[in-house]
There are 4 protein chains.
Amino acid sequence: MPKTLFEIDLSKPMQDQAHPGHNRWHPDIPAAFAVDPGTSFRMECKDWTDGQISNDDNPNDIRDVILSRVHVLSGPVYVNGVEPGDLLVVDILDIGALADSEWGYNGIFAKENGGSFLTEHYPNAAKSIWDFHGIYTTSRHIPGVKFAGIIHPGLIGVAPSLELLQKWNKREQELKMTDPNRVPELAASPDPQNAVLGTLKGAEFDRVAREGARTVPPRENGGNCDIKNLSKGSRIYFPVFVEGAKLSVGDIHFSQGDGEITFCGGIEMAGWIDLRVDVIKGGMGKYNIKENPVFKPGPVEPHYSDYLVFEGISVDETDGKQHYLNAHIAYRRACLNAIEFLKTLGYTGEQAYMILGTAPVEGRLNGIVDIPNACCTVAIPTQIFDKDISPK
Amino acid sequence: MPKTLFEIDLSKPMQDQAHPGHNRWHPDIPAAFAVDPGTSFRMECKDWTDGQISNDDNPNDIRDVILSRVHVLSGPVYVNGVEPGDLLVVDILDIGALADSEWGYNGIFAKENGGSFLTEHYPNAAKSIWDFHGIYTTSRHIPGVKFAGIIHPGLIGVAPSLELLQKWNKREQELKMTDPNRVPELAASPDPQNAVLGTLKGAEFDRVAREGARTVPPRENGGNCDIKNLSKGSRIYFPVFVEGAKLSVGDIHFSQGDGEITFCGGIEMAGWIDLRVDVIKGGMGKYNIKENPVFKPGPVEPHYSDYLVFEGISVDETDGKQHYLNAHIAYRRACLNAIEFLKTLGYTGEQAYMILGTAPVEGRLNGIVDIPNACCTVAIPTQIFDKDISPK
Amino acid sequence: MPKTLFEIDLSKPMQDQAHPGHNRWHPDIPAAFAVDPGTSFRMECKDWTDGQISNDDNPNDIRDVILSRVHVLSGPVYVNGVEPGDLLVVDILDIGALADSEWGYNGIFAKENGGSFLTEHYPNAAKSIWDFHGIYTTSRHIPGVKFAGIIHPGLIGVAPSLELLQKWNKREQELKMTDPNRVPELAASPDPQNAVLGTLKGAEFDRVAREGARTVPPRENGGNCDIKNLSKGSRIYFPVFVEGAKLSVGDIHFSQGDGEITFCGGIEMAGWIDLRVDVIKGGMGKYNIKENPVFKPGPVEPHYSDYLVFEGISVDETDGKQHYLNAHIAYRRACLNAIEFLKTLGYTGEQAYMILGTAPVEGRLNGIVDIPNACCTVAIPTQIFDKDISPK
Amino acid sequence: MPKTLFEIDLSKPMQDQAHPGHNRWHPDIPAAFAVDPGTSFRMECKDWTDGQISNDDNPNDIRDVILSRVHVLSGPVYVNGVEPGDLLVVDILDIGALADSEWGYNGIFAKENGGSFLTEHYPNAAKSIWDFHGIYTTSRHIPGVKFAGIIHPGLIGVAPSLELLQKWNKREQELKMTDPNRVPELAASPDPQNAVLGTLKGAEFDRVAREGARTVPPRENGGNCDIKNLSKGSRIYFPVFVEGAKLSVGDIHFSQGDGEITFCGGIEMAGWIDLRVDVIKGGMGKYNIKENPVFKPGPVEPHYSDYLVFEGISVDETDGKQHYLNAHIAYRRACLNAIEFLKTLGYTGEQAYMILGTAPVEGRLNGIVDIPNACCTVAIPTQIFDKDISPK
């Protein structure tokens, strides 16, 4: 196995690790180490909350999670010779759990602390614990369900340039100001509290903590894309914005349904990830890959062949109001339709919701032009259930 | 092969067919014929525009299409003994082209007549003609691309109840009135012009033409869902709103990319579809399938295993404005990113756009909670190209 | 659809068709027609027995089948400009049933008239009739089973040169002479009786009928390979032995399990096949494809993801005798093991045998070096059954 | 991760491990440990030769391998409460390499010491070393090839009863005596030399060493089946012949082509395997699973969708002699055809042979009834090559 260049001690918070990692995006966070193109290496990662969630049956830790501490990331990795304008090529060689930590959690955030996709319907915190059995997982909180993990880093990205960072902060702040008191909030502002910024100290720490973008949203640098298909064997092409690219990774999920709809999140876990980095000089221009990463999924995703698919359209379920090609609402309706069906199998709404958040369900944008309704679907692999769930 | 119960003569408009079909939704459109549960039968279908588009190189027919004539549907089929509250089970046994009509078209609608998903970027009409070679298709207008069709009805649905119809018309009109002069329009209002309503005549025709909902959007009855995975071998469970269910079908696509982003549409074709109908009595309540159809995809979709995937986030590309978890914009950005990449292979923007509209590309809602950015992806199967397209 | 260049009237025997076809291999059988490279065309085919089997419940027609009449083939097709040393490239564009003939049959041949893979265990003739429902098939003789067809020509091949033909006849006769009275016979000798040889007449007919190789075995020219994966969308590269290649096709199967173990055969049917031919000049030498065809399977095979797999080893089940790396016996044992299991679901041995002969089961050579036992497996897709068949 | 119940120190031979393991089959080899049904546990395994092969470029260790030392197995595991007549259910939860041992080897055995499937064509020893990069592997000895491993235990089985053991020894000895001086030998006889028999000592060791069956062939107890699809996530149902079942495992392969044609073998490696055991009481009778194990493959096999397939028939390539439905010869011809093609890409015959031995190629029994020729195929996934290999 490749050399571990970023080690984690699960008993310590991120700022006390050998390499302290970081939980904000900023070009001036110092690299943890440097490697040459062509190098393979292992990085260990804490779970995204830095260990705030326990393997027990009480969801209060989900309810009370301190969101200024997320996402604790391993890195940044400086790749020698890589410059703005290049593409950083990252191969995800393998991912796994840390020894004696073969479990994960899924949570529904409370509406007043984070919220979730269906927060108006499920405003209270909930939690399910998932045990890993090799490639499979089961939860004592959701009986009758077992599936193979499509393990992936929820968050992987490169550092923004200062200019890009300022663009992020500006546009997000403008959005937030349109409804500054909204619960849940519209965007997470820079917040020095609980910032972890590698080895930065003193005034430099304070400046970067004040300026650093929060890690919640995916952006031009990749980041918290929560793409379940970035699993073992994937190759990612990142646009590069700073010298050395400064790659960071974390938020490992044992599995996740498309949308990560419970927000906390997929099956969240600590773990390790083996990466190989390389470079395509001048690749951003050559391939017009400038705004977001591009990737090729790997060949060992779990393969299912039998799905039950639920449709949704962009009509608000609460007031019946018609929205214009709104895929957000359409997918919400599809998920709600799926949950209503899953309830007929005996699950509570929260259990059904967490099935959609954790199992390898597929969320599709099927029709996005048929005015005024978008059509989205959520597809549930029927083989994850221990009985036949098809209507008869 | 099952008996053809709805025959089409391609030389005639829909209103002059043996069964005249319809292009509006209304519970009072008379059934073309009735069948018992358990029956298999063939329905022939015109292309969705009723033959307005020609197999030539001139996109003016796309530009000038008369949208009040769409979608011409075959049906309704009355299924004996089926009542509101039941589930109508529809198996799509097979689909094919009509003899001597083994071609289809894809078009980008002009902004001022229909528009499309990327209409601000590609406001002019364009057209590509696709020839069918058994399971494969190619276009003389888009060289270097060949793929197996994932043939499906873009539109299949049951009749609404009068109450449901009124709900549709009301909510869509309210949306339209928020910006009544918008181009393209926000919603298509009921429009007696060019209405085709089966065998209705006289005052009854006039009333239904005035009240009938347009067929453009997908709704609770299924309808124009444009779900590419409703291909051969699929089983659909429809909620039933009227006696006999009144099933109609049309808008056959030889293939389509998720989103049907060019709007006109996938690869549009005339064709036949073999259906089998059955019923689950009281199924709407038993399975909580009340708002939208549910389906199981068939087992013979073309299978690809190598994709290039493009990401997008919900930041508007024109003004850089941040939107809140807007999957519509995120998917648009993903598609624009894909087009910019495809241009580096030598395609024009319009050609690249039409590749995304026609080939079996997958559109995913990957992350829908990471405030304020939704993350959507579009995945292109690399094997449709006659050369290796991966960045090197 | 491509032009039909070989038409079939199902009410007539092969020798009375517009193009009479053939049921022997010989370079001097005249071509039915000629086409240029790059041409697509349709060929209609009778079932392999020339209509000897009826859609009824009586297996006597299987028992009494006249084997000197098989396989009736459509062709030969002369491809202009193709010469020995070239590769003939054949695309299977599509395949289907003839109108009003959407059914097929599977039979177990009687030991004394043909035999089958398990003829010592199942020496009596049996028959099952399979109805086609679009992409699916079911049999009234085998309840609880439904699957998507992997439709393919059991037999497709090019004409041998005279030299190659003589080699075939010599080597097969030598084998037959090692046990000339064996039942079933070891090989089928040339037999003028019931020979159909296109438009040949008189002395030339008599000579070719006397010399023509039987169509039963696959050989260097392709022929009766019974490869289920030669389904829609496949591309085959044939070595060419005579001017024009002289391509022939027949023995269409709606589906077949690997091995075609019941011998009669897969689900046998009349039908049509759309082909496109092309040439790689000098390809035999360039690619070292000299002895047998090479092919690429198409992308629309039915995809299953859950199998129950049965192993077998090369120990004879009757006397317990150990054989040396004998994959024939190992696969037989695997099939017998599968049948014994299927009996516990309530099937008779004959029904189970016919499931293995018709459904898309996979036969694998897993280990062929572990002296003295070969290990072969037969994998049954569990989703073809209407209930869960896994041991609990 | 589950508790490691069988630990390996790679610096020591099997007889000196904490649990000494075994390399013969005999019911009286003492169990290494006992577990209850429902238990998960990890077993570490040496490579099958007990460390005789080095990570270098010299194939002499392959040539001179001491075959009486193979296969060193971890176990036996006694499962409490399991009795003859039951089915032992074994889940393969996960498999991996040992730390600092992330490489494997493939070898062609010399004809005079083991031989291989194509030993008449490739009589000399050869070796390739394969490095593991997470899910992928490459070899410095075979450029241009990279693939995802389908990792599996080549050997997993339960102990025979004494009666079954005696049947094995008798039938194999009878075969061997038909040509006792053949090179390679027809079967491996019991051989006390280099026997490893767990903790047995003294006279009992001598007796069991004398009687113990060699581990080379697969048999009724499973054993050395070399089934590449017994990969992560598989469930195996073993017939049980002795109290406690006595499960053993070893011979881990990072990957293997169907047939394991080079004999040494797939990509051979040391590693660990996580298993879960359970029991179906009386399952052998209930499900008629009496002669060989039955299994369900897991869901994370690498998925490829583009293959080049080579056919072979049962005509001997050396003398042109026709054999009767001989799948062994047919598969050999298919493999030889594939090798001849791969040579045109620039590979030596030995390199091509080792590609077939290591990559996830599929070996199929396509037709096994078309007298006198069996038809077998070998399918090579084209995506393992770094260039397009299709004939043009």
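At a glance:
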quantity	calculated
Residue tally, condition assigned to a helix (DSSP H, G or I) and either within 8 Å of chain C (Cβ to nearest Cβ) or surrounded by fewer than 19 Cβ atoms within 10 Å (Cβ to Cβ) (or both), over region D:337-353	5
Matching residues in region C:178-188 - criterion: being more than 11 Å from chain D (Cβ to nearest Cβ) and not β-branched (V, I, T)	C:P180, C:N181
Subset of region B:296-321 that is under 30 Å from A:L186 (Cα atoms) and either buried (at least 24 other Cβ atoms within 10 Å of the Cβ) or within 14 Å of chain D (Cβ to nearest Cβ) (or both) - its residue that is farthest from the chain's Cα centre (by Cα)	B:V315
Identity of the residue in region D:130-170, buried (at least 20 other Cβ atoms within 10 Å of the Cβ) and part of a loop (DSSP other than H, G, I, E, B), that ends up farthest from the other protein chains (Cβ to nearest Cβ)	D:A159
Of all residues in region C:354-392 being among the small types (G, A, S), at the interface with another protein chain (Cβ under 8 Å from one of its Cβ atoms) and not in a strand (DSSP E or B), the one that is nearest to C:L325 (Cα to Cα)	C:A374
Boolean, A:Y324 is of a type in the set (S, T, Y), at the interface with another protein chain (Cβ under 7 Å from one of its Cβ atoms) and more than 30 Å from A:Y136 (Cα to Cα)	yes
Residue list for region A:74-85, restricted to those being surrounded by 23 or more Cβ atoms within 10 Å (Cβ to Cβ) and more than 27 Å from A:G134 (Cβ to Cβ)	A:G75, A:P76, A:V77, A:V79, A:V82
Any hit, region C:222-231, residues being within 25 Å of C:D131 (Cα to Cα), out of contact with any Phe, Trp or Tyr (no Cβ under 9 Å at 6 or more places or on another chain) and among the acidic types (D, E)	yes
Residue match in region D:1-16 (condition: among the small types (G, A, S) and touching a strand residue (DSSP E or B) at 6+ places or on another chain (Cβ under 9 Å))	no
Among (1) crowded, with 24+ Cβ neighbours inside 10 Å; (2) in contact with an Asp or Glu (Cβ under 8 Å, 6 or more places away or on another chain); (3) closer than 21 Å to A:Q193 by Cα, the one test that A:G114 misses	(2)
Matching entry among B:I150, B:I142 (being of a type in the set (A, V, I, L, M), touching a strand residue (DSSP E or B) at 6+ places or on another chain (Cβ under 7 Å) and farther than 18 Å from B:V70 by Cβ)	B:I142
Given (1) touching a residue at least 40 places away in the same chain (Cβ under 8 Å); (2) surrounded by fewer than 23 Cβ atoms within 10 Å (Cβ to Cβ); (3) not in a loop (DSSP other than H, G, I, E, B), number of the condition C:Q173 does not satisfy	(1)
Boolean, B:S116 is outside any strand (DSSP E or B), among the polar types (S, T, N, Q) and under 19 Å from B:P59 (Cβ atoms)	yes
Long-range neighbours under 9 Å by Cβ, at least six apart or interchain, first residue touching a residue at least 60 places away in the same chain (Cβ under 8 Å) and more than 21 Å from B:I151 (Cβ to Cβ) within region B:284-302, second of a type in the set (F, W, Y) and in a loop (DSSP other than H, G, I, E, B)	none
Check on D:A334, under 30 Å from C:V300 (Cα atoms), within 8 Å of chain C (Cβ to nearest Cβ), of a type in the set (A, V, I, L, M, F, W, C) and not in a strand (DSSP E or B)	yes
Any chance C:F205 is out of contact with any Gly (no Cβ under 9 Å at 6 or more places or on another chain) and in the same structural domain as C:H26 (by TED's automatic domain parsing)	yes
Matching entry among B:K111, B:K127 (being modelled with pLDDT of 95 or more, of a type in the set (K, R), assigned by TED's automatic domain parsing to the domain that holds B:I29 and not in a loop (DSSP other than H, G, I, E, B))	B:K127
Count of residues meeting criterion [outside any helix (DSSP H, G or I) and at negative phi] in region C:311-331	14
Any hit, region D:266-275, residues being more than 9 Å from chain C (Cβ to nearest Cβ) and among the β-branched types (V, I, T)	yes
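Table: residues versus (1) free of Cβ contacts under 8 Å to residues at least 60 places away in the same chain; (2) in contact with a Lys or Arg (Cβ under 9 Å, 6 or more places away or on another chain); (3) not aromatic (F, W, Y).
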position: C:V309; (1), (2), (3): no, yes, yes
position: C:G312; (1), (2), (3): no, yes, yes
position: C:V315; (1), (2), (3): yes, yes, yes
position: C:R332; (1), (2), (3): no, no, yes
position: C:A352; (1), (2), (3): yes, yes, yes
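Residue-wise test of (1) of a type outside the set (F, W, Y); (2) in contact with a Ser or Thr (Cβ under 9 Å, 6 or more places away or on another chain); (3) within 14 Å of chain B (Cβ to nearest Cβ).
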site	(1), (2), (3)
C:P2	yes, yes, yes
C:F6	no, yes, no
C:Q17	yes, yes, no
C:R24	yes, yes, no
C:P27	yes, yes, no
C:A31	yes, no, no
C:D36	yes, no, no
C:M43	yes, yes, yes
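The values are calculated or read from the model by the stated rules, or taken from the named source; none is laboratory data. Treat the numbers as computed from the prediction; the structure is a model and nothing was measured. Cβ: placed from backbone, ideal geometry, glycine included. Neighbour counts: every protein chain shown.
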